[in-house]
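**Q** Take this structure first; my questions come after.
The values are calculated or read from the model by the stated rules, or taken from the named source; none is laboratory data. Model, not experiment: these values are computed from the prediction. Every residue, glycine as well, gets a Cβ built from its backbone with ideal geometry; the counts of neighbours run over all protein chains shown.
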Ligand code: AMP
Ligand code: MN
Ligand code: MN
Ligand code: MN
């Protein structure tokens, strides 16, 4: 069975509707898809409706939670959550409020260095949904302030750059509490992308484990072959279940396409072999 347990729709910073993400995943041979928009579960119903129509793909209700850990932004993918859980929804609502404030602040900071009007355009692009740095990035590229997405993040949107506003997201403990309350599985998203030393990554995974987390992504659209070898080693060492997801955002501009993922190393325990054991 082909699993893709990390994907985005236009509910957050993806470019396709939830239905189109499901359609595209099914066509690519994915049989179990987790829709994991940033800080919002609003796309799940539409994804489920489409999956029921297609009949050849299962939808896992998920969300990618923004976390601040040691002043860094870390992402925790929550899988198999009960989206009706009040504790989870209240937590996500708080993160969305911070997002909205941050977007205004990003706009003010960019204006101060001579780039005006970006917040308004980014809001229009996000169509009243989650507003993300991705929306700012697309506008800045469109306006010719950067060549491509990589460039715009590097020059404007990363820590230390003019449009960056430090995150004030959930703590690791809060995120895991919400996921536990919602009966879900917590997964450290794309762990190789944080540029942590082995020692700090072990500290993150250790703390995550102490709060009840049991899985990490080993395969991610944003992991290189070398990253996969390294992350597999961490999963073994920390005795974590392994997950696999494309982190799909759009057909044009994505870490990876839906369903085009290498297999997990054979000795690891995939999170889907025992969902019950992997819950927080
Ligand atoms: P936010 O959660 O609003 O801070 O935005 C983070 C999002 O920006 C991530 O989920 C990615 O989709 C996107 N992103 C981060 N870094 C890059 C990059 N270097 N190139 C393209 N997209 C990026
Ligand atoms: Mn994103
Ligand atoms: Mn992420
Ligand atoms: Mn993601």
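**Q** Only one of (1) farther than 30 Å from residue 202 by Cα; (2) within 16 Å of ligand 2 (Cβ to nearest atom); (3) out of contact with any helix residue (DSSP H, G or I) (no Cβ under 9 Å at 6 or more places or on another chain) is not met by residue 24, so which one is it?
**A** (2)
**Q** Taking residue 82 as the residue in question, decide whether it is in contact with a helix residue (DSSP H, G or I) (Cβ under 8 Å, 6 or more places away or on another chain), more than 16 Å from ligand 1 (Cβ to nearest atom) and more than 18 Å from residue 4 (Cβ to Cβ).
**A** Yes.
**Q** Follow-up. Being more than 16 Å from ligand 4 (Cβ to nearest atom) and touching a strand residue (DSSP E or B) at 6+ places or on another chain (Cβ under 8 Å) is the requirement here; does residue 41 meet it?
**A** Answer is no for this residue.
**Q** Let me ask you something else. Among the residues of the range 10-18, is any within 14 Å of ligand 3 (Cβ to nearest atom), modelled with pLDDT of 95 or more, within 17 Å of the chain's Cα centre (by Cα) and more than 22 Å from residue 252 (Cβ to Cβ)?
**A** Checked against the condition, which is being within 14 Å of ligand 3 (Cβ to nearest atom), modelled with pLDDT of 95 or more, within 17 Å of the chain's Cα centre (by Cα) and more than 22 Å from residue 252 (Cβ to Cβ), the range 10-18 yields no hits at all.
**Q** From the list 265, 251, pick out the single residue that is surrounded by fewer than 19 Cβ atoms within 10 Å (Cβ to Cβ) and at pLDDT below 95.
**A** Only one candidate qualifies: 251.
**Q** If you scan the range 173-199, which residues turn out to be buried (at least 23 other Cβ atoms within 10 Å of the Cβ) and part of a helix (DSSP H, G or I)?
**A** 175, 176, 178, 179, 191
**Q** When you check residue 12 against the structure, is it within 15 Å of ligand 1 (Cβ to nearest atom) and not in a loop (DSSP other than H, G, I, E, B), yes or no?
**A** Here the answer is no, as residue 12 does not meet what is asked.
**Q** Please determine, by comparing only the residues of the range 50-71 that are within 16 Å of ligand 2 (Cβ to nearest atom) and farther than 22 Å from residue 20 by Cα, which one is surrounded by the fewest Cβ atoms within 10 Å (Cβ to Cβ). First the steps, then the outcome.
**A** Here is the first cut: in the range 50-71, the ones within 16 Å of ligand 2 (Cβ to nearest atom) are 62-67.
Among the residues that remain, those that are also farther than 22 Å from residue 20 by Cα are: 65-67.
Working: 65: 28, 66: 21, 67: 24.
For the range 50-71, the residue satisfying everything is 66.
**Q** Identify the residue in the range 127-137 that is more than 16 Å from ligand 4 (Cβ to nearest atom) and without any contact (Cβ under 8 Å) to a residue 40 or more places away in the chain and, among all such residues, is surrounded by the fewest Cβ atoms within 10 Å (Cβ to Cβ).
**A** Selected residue: 128.
**Q** Which members of the range 254-280 meet the condition of being touching a helix residue (DSSP H, G or I) at 6+ places or on another chain (Cβ under 6 Å) and within 16 Å of ligand 1 (Cβ to nearest atom)?
**A** Listed by number, the list holds a single entry, 258.
**Q** In addition: For the range 53-75, which residues satisfy the criterion of being more than 16 Å from ligand 3 (Cβ to nearest atom), out of contact with any strand residue (DSSP E or B) (no Cβ under 9 Å at 6 or more places or on another chain) and not in a loop (DSSP other than H, G, I, E, B)?
**A** Passing the criteria: 53, 54.
**Q** Tell me the residue from 17, 2 that is under 22 Å from residue 135 (Cα atoms), away from ligand 1 (no atom under 16 Å from the Cβ) and surrounded by fewer than 21 Cβ atoms within 10 Å (Cβ to Cβ), please.
**A** 17
**Q** It is to be established whether one or more residues within the range 271-280 are over 19 Å from the mean Cα position of the chain (by Cα), part of a loop (DSSP other than H, G, I, E, B) and surrounded by 17 or more Cβ atoms within 10 Å (Cβ to Cβ).
**A** From the range 271-280, those over 19 Å from the mean Cα position of the chain (by Cα) are 273-277; that's our starting set.
Right, trim to part of a loop (DSSP other than H, G, I, E, B) and you get 274.
Narrowing further to those that are surrounded by 17 or more Cβ atoms within 10 Å (Cβ to Cβ): none.
No, the range 271-280 contains no residue that is over 19 Å from the mean Cα position of the chain (by Cα), part of a loop (DSSP other than H, G, I, E, B) and surrounded by 17 or more Cβ atoms within 10 Å (Cβ to Cβ).
**Q** Residues to consider are 96, 127; find the one that is more than 25 Å from residue 222 (Cα to Cα), within 20 Å of the chain's Cα centre (by Cα) and more than 10 Å from ligand 1 (Cβ to nearest atom).
**A** Being more than 25 Å from residue 222 (Cα to Cα), within 20 Å of the chain's Cα centre (by Cα) and more than 10 Å from ligand 1 (Cβ to nearest atom) holds for just one of 96, 127, which is 127.
**Q** Given the condition part of a helix (DSSP H, G or I) and either farther than 27 Å from residue 201 by Cα or within 16 Å of ligand 1 (Cβ to nearest atom) (or both), answer yes or no: does some residue in the range 29-44 qualify?
**A** Yes, there is a match, as at least one residue in the range 29-44 is part of a helix (DSSP H, G or I) and either farther than 27 Å from residue 201 by Cα or within 16 Å of ligand 1 (Cβ to nearest atom) (or both).
**Q** Which residues, taken from the range 204-238, are closer than 14 Å to residue 188 by Cβ and free of Cβ contacts under 8 Å to residues at least 24 places away in the same chain?
**A** 210, the sole residue that qualifies.
**Q** Report whether or not residue 88 is outside any loop (DSSP other than H, G, I, E, B) and touching a strand residue (DSSP E or B) at 6+ places or on another chain (Cβ under 6 Å). Before the answer, list the steps.
**A** Values: outside any loop (DSSP other than H, G, I, E, B): yes; touching a strand residue (DSSP E or B) at 6+ places or on another chain (Cβ under 6 Å): no.
So residue 88 fails the test.
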